[in-house]
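Nothing in this text is a laboratory measurement; each read-out follows from the coordinates by a stated rule. Note that the structure is predicted; figures quoted are calculated from it, not measured. Neighbour counts are summed over all protein chains in view; Cβ atoms, including those assigned to glycine, are modelled from backbone coordinates with ideal geometry.
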Amino acid sequence: MEQREGRKLKPRWFRGRQVVAGIPILWLAVFFLIPFLIVLKISFSEARLAIPPYAPLFTWLHGLPVPRIHLSGYGYLFTDPLYLRSYLYSVMVAAVSTLFCLVIGYPMAYAIARAGDSWRSFLLMLIVLPFWTSFLLRVYAWIGLLQNDGLIDSLLLHLHLIKHPITLLQTDFSLYVGIVYSYLPFMILPLYANLEKHDTALLEAAADLGARPFTAFLRVTLPQSVPGIAAGSLLVFIPVVGEYVIPTLLGRTDQIMIGRMLSDEFFDNRDWPVASGVAILILLLLVVPIVLLQRVERKDLEVAEATDK
Amino acid sequence: MRSRGVFSRTALVLGLVFLYVPILSMIVYSFNNSRLVTVWDAAHSPTLKWYGVLLSDGEVLDAAWLSLRVAICAATASAVLGTLAGMALARFGAFRGRSLLVGMTTAPIVMPEVISGLSLLLLFVALEQAIGWPRGMGAVTITLAHISFCMAYVTVVIQSRLAGFDESLEEAAQDLGARPAKVFWRITLPLILPGVLAGWLLAFTLSWDDLVISQFVAGPGSSTLPMVIFSKVRLGVSPDVNALATLMVSVVASGVVVATVWMRHRLRRRERDAQLAAAANL
């Protein structure tokens with residue numbers, strides 16, 4: 001009797017599970033996976049003046065498909081130094097911004113992790129709060145601060161630190177300020193999550209064994225926080241490579257980043273194959289960091305589960 | 001030990017100043033009478049002039065109304081989809097398609113927005129060619145695009161919420177004969193409801209805030225609020241945007257204060273209940 005009930009229940013449960021997991025998988029397949037295949041397809045098509053502005057990948061001849069694969073989209077990307085330069089510039093901007101976020105964010109995360117219990121949640125709230133306000137408006141705020149005769153310029157003049165107004169906006173400086181400002185919480189939160197779990201007994205042991213605080217930090221805290229550093233750095237690096245809003249509002253006008261390049265090719269030049277080619281190249285660049293990030297996060301989850309048990 | 005504590009604390013304070021000075025500067029200058037952000041017109045400030053300009057700007061109001069409708073629909077749909085995905089990832093163990101689901105829910109979070117936007121637009125164009133739907137770009141395509149990236153965030157929130165609870169309650173209900181659907185409605189959902197709410201709010205904020213993806217999938221004539229703001233600020237500082245920023249910051253800040261007070265209240269009530277229960281046991 002009991003066995004029969006079990007048999008009757010099991011298939012139902014199984015089907016229910018398939019539905020629960022199936023709906024989001026189906027949704028994401030249609031709205032996340034298939035779109036990439038379309039981008040890939042169009043990147044190999046030929047541009048033409050039509051709606052939509054690309055030629056079909058296959059033409060039908062006597063009932064048989066004839067492939068018309070064009071590499072012209074990619075040809076531009078590899079021969080025109082403009083593309084290569086903006087590709088390298090984007091990687092450099094992302095790498096330098098990640099480094100700045102790490103240098104600024106690490107001590108902040110460390111201070112929060114070592115703060116008293118009552119302070120900690122308040123400080124974390126202060127870090128997370130900007131997330132909830134508009135990203136665009138926070139970037140915009142820097143225009144007012146950095147523009148010629150803006151707040152920072154006037155302050156520096158007033159303090160006699162500079163004699164003449166200096167150009168801060170639309171430089172590499174303003175670009176880095178905007179990126180570090182926007183992505184700093186993405187670095188601090190995973191670092192905090194890591195640092196908070198550290199066992200202070202290890203530091204005490206190091207001190208007992210005669211290690212100076214700085215040595216103890218270098219040899220105990222820092223190695224333990226590598227997963228947090230990795231997660232935070234990847235969370236900053238990956239989206240910054242394709243960043244569009246910050247370079248458009250704060251960045252240089254003579255050197256554009258790859259995300260802006262994609263957008264310009266698409267909207268201004270209406271060259272869909274080249275825009276798709278740029279997207280594929282960004283993805284190729286980011287595939288390794290994205291896989292690394294997933295591995296870091298999975299390991300983190302496993303550690304958390306292991307310590308819970 | 002002590003010296004490093006001082007160093008990291010100083011860094012924390014400076015970092016927080018860095019995070020908040022731009023926001024505060026927008027709030028202060030929203031009350032400035034002068035059109036120039038650099039000049040503080042002390043004679044005529046503070047003034048609410050820019051709030052009046054903002055609230056009589058039809059383009060801004062239309063865009064805000066569109067953004068609000070899109071954000072509510074997108075947040076609700078992605079809360080449902082994200083809860084399903086989070087349930088599957090946290091409770092089903094190994095199943096076919098699991099790694100696919102993991103990949104598809106983590107990748108959109110870090111994916112550069114220009115790529116998501118481009119790929120979704122190309123999907124909609126291809127769909128329109130193939131099946132005649134959607135007819136042109138607009139509120140529908142913006143909402144669909146927002147659901148796809150918001151649900152990834154909701155999934156993460158739900159998954160971590162579920163990971164915090166062990167399955168014993170659900171197993172007990174099942175042992176008592178409850179069907180899986182009943183277990184979900186009576187046990188699991190009430191447990192993760194705060195997570196679902198947090199996920200909904202996060203999705204709402206992300207959708208309300210999104211510029212790049214909307215720009216790709218919005219048709220002519222359907223501009224969301226960030227799109228209108230972007231076209232204004234590309235031409236330089238405009239003081240009514242400061243007023244808008246101040247309004248948005250005030251809403252968020254009061255929401256956070258209310259949520260914090262409410263959570264403290266709940267926590268205190270739970271502690272009191274626990275004390276009463278302990279007293280009753282004696």
Residue order, fewest to most surrounding Cβ atoms within 10 angstrom, among B:W40, B:W50, B:W65: B:W65, B:W40, B:W50
Whole-number Å³ per residue for the convex hull built on Cα positions in the protein assembly as shown: 217 Å³
Cβ-derived FRET efficiency at R0 56 Å, B:T76 paired with B:W40, nearest 0.05: 0.80
Rounded if a/c under 1.5, otherwise prolate or oblate - the range A:129-262, Cα gyration tensor axes: prolate
Test item: B:12-20 mean partner chain Cβ contacts at 10 Å: 6
Computed label-point distance, nm, for sites A:T79 and A:H62 using a 7 Å Cα→Cβ extension: 3.4 nm
Along each principal axis, Cα extent of the range B:111-234, largest first, Å: 58, 37, 22
Cα-projected label distance for B:R186 with A:A207, points at 7 Å along beta-carbon direction, nm: 5.4 nm
Whether chain A is rounded, prolate or oblate, judged on the alpha carbon gyration tensor where a/c under 1.5 counts as rounded: oblate
Likely footprinting exposure, B:R96, B:R161, fewest C-beta neighbours within 10 Å first: B:R96, B:R161
Helix axis angle, B:113-131 relative to chain B longest principal axis, alpha carbon, degrees: 80 degrees
Degrees, to the nearest 10: B:139-163 long Cα axis against longest axis of chain B: 50 degrees
Order of A:E243, B:E113 - criterion: other Cβ atoms within 10 Å of each residue's Cβ, fewest first: B:E113, A:E243
Spacing of the two label points (7 Å from each Cα toward its C-beta) at A:L88 and A:L155, in nm: 3.6 nm
Cα gyration tensor shape of the range A:199-293, rounded if a/c is under 1.5, else prolate or oblate by comparing a/b with b/c: prolate
